[in-house]
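The values are calculated or read from the model by the stated rules, or taken from the named source; none is laboratory data. Being a predicted model, the structure only gives us computed values, none of them experimental. With ideal geometry, Cβ positions are generated from the backbone for all residues, glycine too; neighbour counts draw on all protein chains shown. Calculation scope for accessible area: heavy atoms of the full protein, side chains included, ligands and nucleic acids excluded. Shrake-Rupley method; radii C 1.70, N 1.55, O 1.52, S 1.80 Å.
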Amino acid sequence: MMKRAWISLALVAAVGAAGCQKKDGPGPPQPASAATQPRFAERYGDTLRAESEGFDATLQGVLDATPTFPGFADALNDPCDFARAEAIVRAADEAGRSEAYVEKARQRDAVQAFFEENEEARFKRLAGGVQYAVTQAGCKDAGGQAAGTMKRQLGREIDETTREGNEAHALLDRSEEALGKENTGTMRDQADVVAEASYRVHIELPTRKYAFGPHVAAGGEARETLEDEIEVERERAMDPGVSDGSKKAAEARAAALEEAKNRLDAELEAARTRFRTMDDELKEARDAYDQALEALLASLRERAEAAAGAS
């Protein structure tokens, strides 16, 4: 599976209009923008940067994976039913944009996003919880090992779950005799790569770009929210009826919000520039994928034709 930087799936999924909740017309209601909520607005700059980085990482993953496609045919050894191999690659390509695969991939991404966000602290807490439990049971020093084992097993379970949505593996289950045992194992990995790249280029990248637009558009609203909140805190700090401790807290809060506003200004400018380039980059990634896939399919067809001519 292609590795990438993740952001909260909930942020990526908020692809509705930035202004108001949609209740009428085709499709389900879309979430309203949270730019008017101070705590969300405070981290809005970080959200924009994370979304941009998530798009970049996904894009780079596609561009890194696709050049490997043409070499997949060379990794298959004779005897091999290359026509069957071509059908499996086509199935993997189609699976990557199918509802079954997309559902599994999004579930996987949500789980990975949860664990990779503050990963070190999260697993440290997990290890502590496990250690407490085993200590209560009379064991010692098992927390870290148990947490690490759980992490590795989770990764394996995630990969297997994603394969359930990849129809190419159903074909591979019936193809060991035609492909050979070694080739079947090789093609399982290849089918994972093709399906994953297909999903990224046809589904995830457009979804990320579509989600990014409303968030960029709502940046000005988030800035206004921060300005209003800064004013509230400054007025509180000047209120003669407020205790000295509360005044200091209000001053500190106003300073933190001011810093968040400055960070948002910088990130919003960068995000507006970044958004204008995304369509061209989407096209670049899709073209690269299509060309690499066709090169792989052509190579498999040539081998199939050569094998038929030799028989």
Next item on the list: For the stretch 157-191, enumerate the residues that are touching a residue at least 12 places away in the same chain (Cβ under 8 Å), open to solvent by 90 Å² or more (accessible area, probe 1.4 Å) and part of a loop (DSSP other than H, G, I, E, B).
Entry: 164
Checklist line | Subset of the stretch 247-289 (residues that are out of contact with any Asp or Glu (no Cβ under 8 Å at 6 or more places or on another chain), closer than 29 Å to residue 237 by Cα and not hydrophobic (A, V, I, L, M, F, W, C)) | finding: 248, 258, 259, 262, 265
Check: Which of the residues belonging to the stretch 227-245 are of a type in the set (A, V, I, L, M, F, W, C) and touching a residue at least 24 places away in the same chain (Cβ under 8 Å)?
Finding: 230
Checklist line | Within the stretch 38-51, considering residues that are in a helix (DSSP H, G or I) and open to solvent by 20 Å² or more (accessible area, probe 1.4 Å), the one farthest from residue 224 (Cα to Cα) | finding: 50
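To keep it simple, each residue is scored yes or no on (1) out of contact with any His (no Cβ under 7 Å at 6 or more places or on another chain); (2) within 27 Å of residue 41 (Cβ to Cβ); (3) at pLDDT below 95.
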| site | (1), (2), (3) |
| --- | --- |
| 170 | yes, no, yes |
| 176 | yes, no, yes |
| 183 | yes, no, no |
| 193 | yes, no, no |
| 200 | yes, no, no |
| 203 | yes, no, no |
| 211 | yes, yes, yes |
| 214 | yes, yes, yes |
Check: Do we find a residue being crowded, with 18+ Cβ neighbours inside 10 Å and touching a helix residue (DSSP H, G or I) at 6+ places or on another chain (Cβ under 6 Å) anywhere in the stretch 233-242?
Finding: yes
Note to self: Restricting to the stretch 52-63, name every residue that is farther than 12 Å from residue 288 by Cβ and touching a Leu at 6+ places or on another chain (Cβ under 8 Å).
What the structure shows: 55, 58
Margin query: Going residue by residue through the stretch 135-151, is there one that turns out to be open to solvent by 70 Å² or more (accessible area, probe 1.4 Å), at pLDDT 90 or above and outside any helix (DSSP H, G or I)?
Written below: no
Check: List the pairs whose first member sits in the stretch 214-226 and is in a loop (DSSP other than H, G, I, E, B), whose second member is of a type in the set (Gly, Ala, Ser) and surrounded by fewer than 16 Cβ atoms within 10 Å (Cβ to Cβ), and whose Cβ atoms are under 9 Å apart, counting only residues at least 6 apart or on separate chains?
Finding: 218/19
Next item on the list: Return yes or no: is residue 294 among the acidic types (Asp, Glu), modelled with pLDDT of 95 or more, part of a helix (DSSP H, G or I) and more than 28 Å from the chain's Cα centre (by Cα)?
Entry: no
Check: Among the residues of the stretch 263-273, is there at least one that is open to solvent by less than 70 Å² (accessible area, probe 1.4 Å), among the basic types (Lys, Arg) and more than 22 Å from residue 62 (Cα to Cα)?
Finding: no
Next item on the list: Please enumerate the residues belonging to the stretch 64-88 that are under 13 Å from residue 289 (Cα atoms) and buried (at least 18 other Cβ atoms within 10 Å of the Cβ).
Entry: 65, 66, 69
Check: In the set 307, 254, which member is modelled with pLDDT under 95, surrounded by 13 or more Cβ atoms within 10 Å (Cβ to Cβ), over 30 Å from residue 64 (Cα atoms) and of a type outside the set (Val, Ile, Thr)?
Finding: 307
Item checked: Those residues of the stretch 89-99 which are assigned to a helix (DSSP H, G or I) and surrounded by fewer than 19 Cβ atoms within 10 Å (Cβ to Cβ), in sequence order -> 90, 94, 99
Notebook entry, point to check: Given the conditions (1) farther than 30 Å from residue 70 by Cα; (2) open to solvent by 50 Å² or more (accessible area, probe 1.4 Å), and given that residue 284 satisfies all but one, which numbered condition is not satisfied?
Noted result: (1)
